[in-house]
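The structure under discussion appears below in the form of structure tokens.
Just so it is clear, none of the values below were taken in a lab; they were calculated from the coordinates. These figures come from a predicted structure and were not determined experimentally. So basically every Cβ, Gly included, is an ideal-geometry build from the backbone, and we count neighbours across all protein chains shown.
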Amino acid sequence: MYCRMVHYLLVLAFIILTGCAGAYMEPPMNETHPANPAAPAAELPATSGVLSLAATQPTSDASEIPPAEGHSQHGASSSSDSAATQPDAAVYVCPMHPKVVSSKPGHCPICNMKLVRKSGTGVQP
């Protein structure tokens with residue numbers, strides 16, 4: 001039994017030593033292999049116009065939209081609503097989205113947060 005265990009240990013030691021003793025050689029690279037420093041430079045692909053800013057058409061400016069065609073159908077009032085004409089009227093504004101303004105309490109249509117009351121002077125009570 002002892003002899004067999006010594007035999008296994010010697011075989012294991014031989015395998016370990018011969019495995020580490022071998023020198024690693026890199027396989028030869030082709031002349032056109034990308035990792036070869038002597039390889040010629042690859043041609044660049046043709047540029048695509050998909051992300052080109054010059055190819056995009058300018059969109060219409062928001063100032064060109066008549067006030068009646070704004071976002072009043074969404075429940076948010078614009079700056080030209082009655083709150084702007086009445087300086088003492090209370091307005092309700094979303095704390096996260098200052099563009100969302102309403103003349104009555106409610107929730108923000110973007111984030112569903114409760115609208116905060118602000119007076120017409122901009123001072124929060």
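Odds and ends about this structure:
- Amide H partners (placed H, <5 Å) of His107, local residues excluded: Leu115
- Where labels lie 7 Å past Cα in the beta-carbon direction, separation of Thr32 and Met1 in nm: 6.6 nm
- Potential lengthening of the chain between Val11 and Leu51 amounts to 8.0 nm, from the contour at 0.36 nm per residue minus the alpha-carbon distance.
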